[in-house]
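This report refers to the structure that appears directly beneath it.
The values are calculated or read from the model by the stated rules, or taken from the named source; none is laboratory data. This is a predicted model, so every value here is computed, not measured. Here the Cβ positions follow ideal geometry from the backbone for every residue, glycine too, while neighbour counts run over all protein chains shown.
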Amino acid sequence: MVTGKGKRKRVGRKLPELPFPRKVAVIFLAWFFILLGIIGSILPILQGWIFFAIGLVLFSLSSEKINVLLSKILIRWPKFYKRYSRLRTKIHAWLSR
């Protein structure tokens, strides 16, 4: 991403790849949360956007393309971007143990 005067701003920090079984589990959980988010958008009991956001963060752990896309979108809102990157790093550290 180019910011004023031709300087490049780094978007998305690349984390080491997860082992295959954990990566599959993360993808399964991400789809589960995305589906909960869709159901939550229909049912008034669930807060759908929270589950949808968790699903997107989990997908960003398994796919570098999704991480870059989310980073490019969230860089416009530094407060949310900082929270996203901290959450992503914490989840990755927890899964890498």
Selection from the stretch 44-63 of residues over 15 Å from TYR84 (Cβ atoms) and either part of a helix (DSSP H, G or I) or modelled with pLDDT of 90 or more (or both) yields GLY48, PHE51, SER62
Filtering the stretch 64-79 down to residues that are more than 9 Å from the chain's Cα centre (by Cα), farther than 18 Å from LEU95 by Cβ and either assigned to a helix (DSSP H, G or I) or without any contact (Cβ under 8 Å) to a residue 24 or more places away in the chain (or both) yields LYS65, VAL68, LEU69, LYS72, ILE73, LEU74, ARG76, TRP77, PRO78, LYS79
